[in-house]
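Everything on this sheet refers to the single structure shown next.
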Amino acid sequence: MAATLITVAPTGAELSKADVPQLPTTLEELVETAIRCEQAGAAMIHLHIRGADHAPTLDGGLLRESVDAIRAETDLIVQLSTGGSVHDPLEQRLTVLDAEPDSCSLTCGTTNFGDDVFLNPHGFMSDLYVQAQEREVVPEFELFELGHVAALSRLIDAHGLPFGGKVHVDFVTGVPGAMPGTTAALMAGVAMLPQEVTSWAATGIGRSHLPIMAAALSAGGHVRVGMEDNIMYARGQQVQHNDELVSRAAELATLMQRPPMSTADARELLGVKDRRVR
Ligand code: KMH
Ligand code: ZN
């Protein structure tokens, strides 16, 4: 059985440090988190950064500093979020690529996002897709809705394959108002994937975190875990560190004969450019 790519999404843009003090928001906390999560079995980090006030930011200097620091201290594939927060302007979300990440998220359409709307019009997606190709950054296609699978096909048909020739998608399930975090919804999405897709992963928000992880592992998919998606380890027990979620994913994957994938194998799976400084 194939190994499992475990991605950790440690921070996100939604939780506040005041409410969740253990959320990693400073550069020091992010690097410490990256190191511990790599040790626990993660091969990729999906990164949102925070400013000095712990609020989400797309500051170019901080993004670059964060990418460089995590690259220097770990072998993790560094994926920057281009989703940012629902309040970030589209033009600024495109500038994330300036920080030269290995990978970037690319959400395949607009979606309900709790009480908000997460905006991803076709023109923005196309610009991001083409700029990622030009800058040799591998996109991870975030699918919050079944219609996003069709939007992914539209992008591939219009612009060809991404840099590296691989197509990796991540189903983000269980966002209130979007695709539910159920095995049935996930399997419907998997069944719709176009033939160009070479690997798929899934994450479940909140309560759907564990069931979606189990469903993905059983169906040959990869997994994303982390406090961006879920801060409860169990009923009444908050996650204290992201590595708890990575360790649990690694244990379950190993139990299912699909042990955590090495960073070297993950780099090959996703076709990322080697930007490591030796
Ligand atoms: N924070 C959400 C609005 C991504 O990182 O690309 C979007 C998000 C997706 O988290
Ligand atoms: Zn994100």
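By the count of other C-beta atoms within 10 Å, a proxy for reagent exposure, T111, T11, T95 are ordered fewest to most as T95, T111, T11. For the pair D98 and D127, the difference between a 0.36 nm per residue extended length and the Cα-Cα distance amounts to 9.0 nm.
Can you pull out the chymotrypsin sites (Phe, Trp or Tyr not before Pro) in segment 165-240 whose DSSP state is coil and whose Cβ has at most 15 other Cβ atoms within 10 Å?
none
Taking 0.36 nm per residue of sequence separation and removing the Cα-Cα distance, the S16/Q195 pair yields an extension gain of 60.5 nm.
Each of L270, L5 was scored by other Cβ atoms within 10 Å of its Cβ. Listed from fewest to most, they are L270, L5.
Note on segment 6-270: along the principal axes its Cα atoms extend 44, 41, 39 Å, ordered by decreasing extent. Distance from the Cα centroid of segment 184-259 to that of segment 119-164 is 23 Å (rounded to whole angstrom). Dipole of the chain (Lys/Arg Cβ +1, Asp/Glu Cβ -1, origin at the Cα centre): which of V225, P139, V31 lies farthest to the positive side? Looking along the dipole axis, the top candidate is V225. Does a label point 7 Å from the Cα of L255, set along Cα-to-beta-carbon, have any residues of segment 202-230 with amide nitrogen under 11 Å, and which are they? Under 11 Å, as judged by backbone N against the label point of L255, lie 214 of segment 202-230. Note: relative contact order over segment 6-270, using C-alpha pairs below 8 Å and six or more positions apart, is 21 percent. The length gained by stretching the chain between A52 and A214 to full extension, at 0.36 nm per residue less their Cα-Cα distance, is 54.6 nm. Taking the Cα centre of the chain as reference, the dipole from Cβ charges on Lys and Arg (+1) and Asp and Glu (-1) amounts to some 660 debye. What the pair-distance distribution of segment 214-278 shows, using all Cα-Cα distances binned every 10 Å from zero, is 18, 41, 32, 9, 1 percent.
Below 15 angstrom from the Cβ of E251, what's the summed charge of the other residues (Lys, Arg +1; Asp, Glu -1)?
0
Highest GNM mean-square fluctuation among L106, L143, L255, for the chain modelled with Cα contacts below 10 Å: L255.
For segment 88-161, the percent of C-alpha pairs falling in each 5 Å distance bin, counted from 0 to the bin holding the largest distance, reads 3, 16, 29, 26, 18, 7, 1, 0. Adding -39500 (n - 2.57) for every DSSP H run of four residues or longer, then dividing by how many residues the chain holds, sets the calculated 222 nm ellipticity at -11000 deg cm²/dmol.
Got a sec? How would D157, D243 order by Cβ neighbour count within 10 Å, fewest to most?
Least crowded to most crowded, the residues run D157, D243.
Less than 5 angstrom separates the built amide H of V138 from those of S103, C104, K273, all sequence-distant by 5 or more or on a different chain.
Here, each number is a calculation from the coordinates, and none is a lab measurement. The structure displayed is predicted, hence computed values, not measured ones. When we count neighbours, we look across all protein chains shown, and the Cβ atoms used for this are built from the backbone with ideal geometry, even at glycine.
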